[in-house]
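Have a look at the structure below, then the notes.
The values are calculated or read from the model by the stated rules, or taken from the named source; none is laboratory data. Being a predicted model, the structure only gives us computed values, none of them experimental. Because the Cβ atoms are built from the backbone with ideal geometry, glycine has one as well, and the counts that use them run over all protein chains shown.
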Amino acid sequence: MFELAQVLLAAATPAAGGLIGWGTNFLAVQMLFEPLERRGLGPLGWQGVIPAQAEVMAHGCADLLLERLVDPAELGARLDAGEAARLLEPAFQDAAADALERALARRHPRMWRALPSAVRLRLLERARAAVPGQVEGVLREVARDLTTTLDLRRLIVEAFRADRALLGELFRRCGAAEFRFVILTGLVCGFLLGLLQLLAWVTVGQPAWLFPLVGALTGGATNWLALWLVFAPVEAVQLGPWRVRGLFLERQAEVSAAYAAFFAERVLSAPRLIAALPLDELGAEVEARSARQLERWGRGASPALRLALRAWGGEALRGEVSASIGAIVPELPPLLEPYLEERLELERTLRERLEALSPREFVSVLRPVFQAEEWKLTAIGAALGAAAGGLQATLLLLA
């Protein structure tokens, strides 16, 4: 009875090796992403590799994008200030007319009601006509010096700093096939090592202590081998009829598309780009330009209108109207979002330039995630494998 149990346990060694390899690699992959915050006591605590390295990796992503893929000055050159201003000017014109009407109706209600409709409409149209050109001038300055107006590096780093899960999402998207490969490699290599262990059992026998040793070898070696095969060889190598290259590099076009889509949707999307602009400062600039334009309009008006404007509180009235024009700047981003997405073509730019990277440059997209803590993942795989081997040896001795 005991001998039969021992034979069954020994025969199950390859399956156990496969389960150990699969389980240790599966846990190692999960430990890349979880937990987001450090848990545990002292040196026994753990935080996911990616969340723990979020700050460093975020700066690495910013370096890759801004040094190799995207030039902020080039993005600014793609923007047509006149076209963007035409999208926004109706809103500014409405704000100017509404502000003038409210101000006169409040300051001089009887006079405003007594004015003929044609005169009131002409006044409001003159206020609307004072706006064109001011918005375009501000937008042209923004596009001309986008590197100063918009800090893309800070935008990228703060996006990942604010949401530690975001970086994990990026690498899950780009490395999904590689992570599946790492786990599957653990299963296959663990099974093969288990066969060797069974062969040793049948031919020369093996002491119980060998199970934890083989388990540690299975867990550690399969982790290391799987990670190595993802990225190596960097340059394609011909092995007989097979052309061999790192799995990640074989998927350069696919990974480039996923990486580009992620940044265009989650990090450098049109809403995030606009939100990062100094909208209050831009509003103040629009207000100042509008006030100067309204002043010129007043000086060029007919003598009767100049007298009327002065009687209505010319300077205060001008300040109220221009302030209303500047105040709507933070409310206008939704009008610009489709325009920015169409003109910047950020996703296409990122995808094409990632695809054009050399193999060694492309490896740097995902390799740092593993490289920073590779020894830890290998050690964890070995420790988990040793524990599983110890359990296997205990069951064998009890059988």
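Annotations
- Evaluation of Gln47 against the conditions (1) within 30 Å of Glu352 (Cα to Cα); (2) without any contact (Cβ under 8 Å) to a residue 40 or more places away in the chain shows that the sole unmet condition is (1).
- Residue list for segment 161-175, restricted to those being part of a helix (DSSP H, G or I) and either among the aromatic types (Phe, Trp, Tyr) or without any contact (Cβ under 8 Å) to a residue 60 or more places away in the chain (or both): Ala162, Phe171
- Of the residues screened, Gly219 is not one that is out of contact with any helix residue (DSSP H, G or I) (no Cβ under 8 Å at 6 or more places or on another chain) and at pLDDT below 75.
- Any hit, segment 191-203, residues being in contact with a helix residue (DSSP H, G or I) (Cβ under 6 Å, 6 or more places away or on another chain), under 30 Å from Glu67 (Cβ atoms) and at pLDDT 80 or above: no
- All of (1) surrounded by 17 or more Cβ atoms within 10 Å (Cβ to Cβ); (2) under 22 Å from Pro333 (Cβ atoms); (3) not aromatic (Phe, Trp, Tyr) hold for Ile50 with one exception: (2).
- Checked against the criterion of being assigned to a helix (DSSP H, G or I), modelled with pLDDT under 80 and surrounded by 15 or more Cβ atoms within 10 Å (Cβ to Cβ), the candidates Leu64, Leu88, Leu100, Leu75 yield just one match: Leu100.
- Remark: pairs (first residue in segment 68-90, closer than 15 Å to Val286 by Cα; second residue among the polar types (S, T, N, Q) and assigned to a helix (DSSP H, G or I); Cβ separation under 7 Å; 6+ apart in sequence or on different chains) are absent.
- Taking the criterion of being among the polar types (S, T, N, Q) and modelled with pLDDT of 70 or more, the residues of segment 358-390 that qualify are Ser358, Ser364, Thr378.
- Across segment 48-60, not a single residue is classified as outside any helix (DSSP H, G or I), over 20 Å from Ala159 (Cα atoms) and in contact with a Leu (Cβ under 8 Å, 6 or more places away or on another chain).
- Condition check for Val188: modelled with pLDDT under 80, part of a helix (DSSP H, G or I) and among the β-branched types (Val, Ile, Thr): no
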